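Throughout, read-outs are computed from the coordinates displayed, never taken from laboratory work. Everything quoted here is computed from the prediction, not taken from an experiment. So basically every Cβ, Gly included, is an ideal-geometry build from the backbone, and we count neighbours across all protein chains shown.
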Amino acid sequence: MGKTTRDTYSYFVEQKALDVTERPRKFLEAFAAVLDHGNYGVALETYSRLSAKCGRCAATCQLYEATGEDRDIPCHRTELLLRVFRRYFTQSGLLKARLGQGFVLTDEYLDEMAEEYYRCTACRRCKSSCPLGIDHGLITHLARYLLSEIDVIPKALLVATREQLEGVGNTSAIPVPALKDTCEFLEEELEELYGVKITYPFDVEGAEFVFFPAVSDYLMEADTLMGNAAVMHVTNASWTIGTGNYDGINYGLFYSDRMMERIVNNVIAETRRLKGRKILVGECGHATRSAWYVPAFGGPDAPPVINCLEYAWEMLEAGRIPLKDEKIAERVTYHDPCNIARSGRIVEQPREILKAICADFVEMTPNRTENYCCGGGGGTVSIDEIRAFRTGPLGRRKAEQVRATGAHYLVSPCANCKKQLAEVCEDNGLDDVEVVGVHDLLLKVIDFGVPEPGENDADSESDGSGEEDQE
Amino acid sequence: MTTIDVLLEWLRGPVFWAGLIFMVLGLGRHVVLTLYGIIRTYRKAGDKNIPVRQVVGATLRWIFLTQGLKNRLLYGINTLVFHICIIVVPLFLAGHIALVNQATGLSWPALPNGLATALTVIAIIAAVTIVIQRVAFTTARRLSRFQDFVMPLIVAIPFATGFLVMHPTWNPFPYQFMLFLHVLSGDLILFLIPVTKLSHMVLLPGTQIISELAWHFPPDAGHRVGVTLGKANDPI
């Protein structure tokens, strides 16, 4: 065998990934085990028999659009894994091999897979364009899982998951005292800015909702979290944050079903510990999608899952969120996070909220289930060393979309999308765009029914319960 | 009887029946295996809630090829027309129905011959342009295997020969010879259907539900993979 290329991946891996020996054998053993216990078999059998090779998927892929490289055609990438499957796990492949034909899985081939499957963000935009229903995002998901079993895992994802499952207990390594400090700070901010006393309730047993945001929000998205608390406050919701587990992030979705299962089970366990009735997920795309797997892992009596957008819209529609008279004046556009919108599950709720609170809401095209990925999907946003790739070839399409709207606020209810979009804007000259969450804007227009402090402050909104102001 | 008559009888008789049986059994095998796979996957799934409307919607949009018009419009229209012609003409051609009637006594309404001729010509043009579009569209060309280029042309052969059989004035070859080619190519396709991409005729309706089910993880699949690989308790 030739020399391996694995010390030149685009992303950092840990030393142990470079030390693994006999990778093809171990990869195939993992493949066999996954086929045995998982539910991928029928899909692979069907895909490997059927493939139109029509190139329709390429026409929908923003990466291929940008690079024009064969390796970025979704169907081409999928074929990388299907070739292995066909050769080692189908009758005809075994027969061909016996006749001395066909391909052999090598170290170099694995390196190629390691590179290609992390160029795809698993946004699944191409799925609807495949005549044969091939879900290329599923193949990316599976291939990364198999690669993780030979320790090919981007270091950024691995380290965070280790921290969550074996370290402090969450991906941002925020210990409980720091979490409580942060929430106290947010409470003070809310009082200072809006004159309202709102508390972040910890470890309340029997609450209706146990709250799982992307834990990074506690570090980076104060406004989103204040918006979340504000909505819970004005709707008199019974909710709590569990100090046993307060992280909705699940990088297992991006690289390993084994990890994903453990992380989802931890969310269920914390909800049960607190005797909470429902899991409330914050503004995070992949946390929401992972939480939708709660019924898969938690059995029939698993707690129901609701996303904070679904809750907020339900309450707003019911008239339970009082709003100020004036709306957000600046132009607002909405980016659909792939993980909640592609399946069509959360598409209209955030739009309805934004239409209700913004004077100038515009859509980017295409949108909803056909949106373009922010370019940081599938965990790639956490891989800082590939930023130029993310905001360049992967993110350029999104930058053009945003520019075409002329919006000031670019709203996306997803921690990953927000980080990526901010970088896309920065690297593509969109300096006037402000990336925010839905709850950030909602917070600005909620009428708490109390006089707001800081009348003479330039930023402040209004002078009392009468609510008379313009921005 | 000349040699070609004998051959023709043979192709129309035993070879045709063998092809038909091969096709039915081959496609039947695909259907049974796929259905078995679907049921097995569904049983293993932890979450048995399927978004039925979405899956059925996507399935129908691709069976009727309307989704195909969303990108690559010309290719979409071409493939749609091609499929309609190659399904309708062989099944509703008066001559074919007469043959079936002779053999089995069954009968059904036929296409007017003029319309059948028109659809035949369209099918041939569509087959050729599909290949041209595949060659001209860089992405598709680079993805394509040998059968992707050849299959539309193979499917077009019975149409081209059928046209010449029906229109002797256009036919430079002896009638019997053309009929021989027509039946031969038709028989060949019967044998090819289950073992080439043509098998999508039965597999396509299952693909959407199969893709959906693959995301329905068995409750402890991950843990069991860990145990099988002896890594369940390894540090991350």
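What are the trypsin sites (Lys or Arg not before Pro) within the stretch B:32-75 that DSSP puts in a loop, where the Cβ has at most 14 other Cβ atoms within 10 Å? Loop-located and lightly packed - B:LYS48. Taking the longest Cα principal axis of chain A as reference, the axis of helix A:415-427 is set at about 90 degrees. The modelled label-to-label distance for the pair B:ARG142/A:THR90, using points 7 Å beyond Cα in the direction of Cβ, is 2.4 nm.
In chain B the Cα-Cα distances spread across 10 Å bins starting at 0 as 7, 22, 30, 21, 12, 6, 3, 1, 0 percent of all pairs.
Around A:ASP432, under 15 Å between beta carbons, what's the net of Lys plus Arg minus Asp minus Glu among the other residues? That sum, taken over residues with Cβ under 15 Å, equals -4. Across every direction, the projection of the convex hull enclosing the Cα atoms of the stretch B:77-160 has a mean area of 6.2 nm². Using the Cβ of A:ARG98 as centre and a radius below 15 Å, the other residues enclosed give a net charge of +3, where K and R count +1 and D and E count -1. Overall dimensions of the stretch B:26-147, expressed as equivalent-ellipsoid semi-axes from the Cα gyration tensor (√(5λ), whole Å, largest first), are 32, 26, 15.
Along its principal axes, the stretch B:1-54 has C-alpha extents of 66, 21, 9 angstrom, given from the largest down. Counting only other chain Cβ atoms within 10 Å of each residue's Cβ, the peptide A:127-138 averages 6.
Diffusion of the stretch A:6-153 by Stokes-Einstein, at 20 °C in a medium of 1.002 mPa s and with Rh set to the Kirkwood radius over alpha-carbon pairs, works out to 135 µm²/s. Considering only Cα atoms, the convex hull volume of the stretch A:166-314 works out to 102 Å³ per residue. Computed from the alpha carbon atoms alone, the convex hull of the stretch B:37-102 holds 149 Å³ per residue. For chain B, take the longest principal axis of its alpha carbons; what is the angle in degrees between that and the long axis of helix B:113-136, to the nearest 10 within 0 to 90? Approximately 50 degrees, to the nearest 10. Calculated from the alpha-carbon coordinates, the stretch A:172-231 shows an Rg and a Dmax of 11.4, 32 Å respectively. Peptide B:146-153 shows a mean partner chain C-beta count of 1 within 10 Å per residue C-beta. Residues whose amide H falls under 5 Å from that of A:CYS358, counting only those 5 or more places apart or on a different chain, are A:ILE328, with hydrogens built in the peptide plane. Which shape class, rounded, prolate or oblate, goes with the stretch A:315-360 when its Cα gyration tensor gives a ≥ b ≥ c as root eigenvalues, a/c under 1.5 marks rounded, and past that a/b bigger than b/c marks prolate? It is oblate, given that a/c is not under 1.5 and a/b is not larger than b/c.
The angle between the Cα long axis of helix A:308-317 and the longest principal axis of the Cα atoms of chain A comes to about 40 degrees, rounded to the nearest 10. Per the Debye formula on identical point scatterers at the alpha carbon atoms of the stretch A:252-382, with no solvent, log10 I(q)/I(0) at q = 0.11 Å⁻¹ is -0.48. Considering every Cα-Cα pair within the protein assembly as shown, what fraction, in whole percent, is farther apart than 37 Å? That tail contains 46 percent of the Cα-Cα pairs.
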